Amino acid sequence: PLFAAAAYGVTMRTRGEGTMDRLDEPAALAAALREAREYTLSIYAHLDEAQRAFPYLATVNPPAWELAHLAWFHEHWCLRWADGAARRPSTFPNADPLLNSALLPHAERWDRPELPPPAVEGYLARVLDAQCDVLATRPPEDPYFFRLALHHEDMHAEAFLMSLQTLGLPEPARR
């Protein structure tokens, strides 16, 4: 287990035997994406609204921004550049300057009124559904970006656990 997970005694989400070998298979990759999202959302599910209002710290991201960033990353790399086509627009308003961590400095990620929880939750769900639809109906020849998005989400799950630990917030329910 990684640092934050170990400190909380939480076992990091793992995939079944041989699953990593099957991530070239569209159905297995879609299942892994759904499983990762379920795990990600479960990490903050036990927090109330006040606990999700993280104070500014240079070592953590605000939850709404980080969750929206996850959806943006999946959409950007798996859906907006699909099939070698010209980049499609995001389904989330102003997504590129707002959610691309390379463009938005850390201090500017806080207090973003354009990221209310229902909008972020809807964006997460829309993007995941679209990814799974692509994998079911017209899977990419090379699923590299879908696998990249999956591993990026796993990395953020660890960051979410680290944020809870850093802020002294209660650990999530053990899975």
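The values are calculated or read from the model by the stated rules, or taken from the named source; none is laboratory data. Keep in mind that what you see is a predicted model, and the values were worked out from it rather than measured. With ideal geometry, Cβ positions are generated from the backbone for all residues, glycine too; neighbour counts draw on all protein chains shown. The area values use the complete protein model at the heavy-atom level, side chains included, leaving out ligands, DNA and RNA. Shrake-Rupley method; radii C 1.70, N 1.55, O 1.52, S 1.80 Å.
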Over the range 132-150, the set of residues in a helix (DSSP H, G or I), touching a residue at least 24 places away in the same chain (Cβ under 8 Å) and open to solvent by 40 Å² or more (accessible area, probe 1.4 Å) is A136, F145, R147, L148
The conditions are (1) in a helix (DSSP H, G or I); (2) closer than 16 Å to Q131 by Cβ; (3) open to solvent by 10 Å² or more (accessible area, probe 1.4 Å), and H74 fails exactly one of them. Which is it?
(3)
State whether the residues of the range 117-131 include one that is surrounded by 12 or more Cβ atoms within 10 Å (Cβ to Cβ) and over 24 Å from R52 (Cα atoms).
yes
If you check A64, A107, A68, which single one turns out to be more than 30 Å from D142 (Cβ to Cβ), part of a helix (DSSP H, G or I) and in contact with a Leu (Cβ under 9 Å, 6 or more places away or on another chain)?
A64
Filter the range 82-110 down to the residues that are touching a residue at least 40 places away in the same chain (Cβ under 8 Å) and loosely packed, with under 14 Cβ neighbours inside 10 Å and list them by number.
D83, A107
If you check L57 against the conditions, is it over 15 Å from the mean Cα position of the chain (by Cα), touching a residue at least 60 places away in the same chain (Cβ under 8 Å), under 29 Å from L169 (Cβ atoms) and surrounded by fewer than 16 Cβ atoms within 10 Å (Cβ to Cβ)?
yes
For P93, which of the numbered conditions (1) part of a loop (DSSP other than H, G, I, E, B); (2) under 24 Å from A32 (Cβ atoms) fails to hold?
(2)
Output the residues belonging to the range 138-166 that are hydroxyl-bearing (S, T, Y) and at pLDDT 95 or above.
S163, T166
Any residue in the range 116-130 that's touching a residue at least 60 places away in the same chain (Cβ under 8 Å) and within 14 Å of L99 (Cα to Cα): show its pairings with residues that are surrounded by 20 or more Cβ atoms within 10 Å (Cβ to Cβ) and small (G, A, S) at Cβ separation under 7 Å, as long as the two are six or more apart or on different chains.
L124/A71
Residue in the range 40-49 that is open to solvent by 80 Å² or more (accessible area, probe 1.4 Å), in contact with a helix residue (DSSP H, G or I) (Cβ under 6 Å, 6 or more places away or on another chain), more than 15 Å from H156 (Cβ to Cβ) and assigned to a loop (DSSP other than H, G, I, E, B) present
no
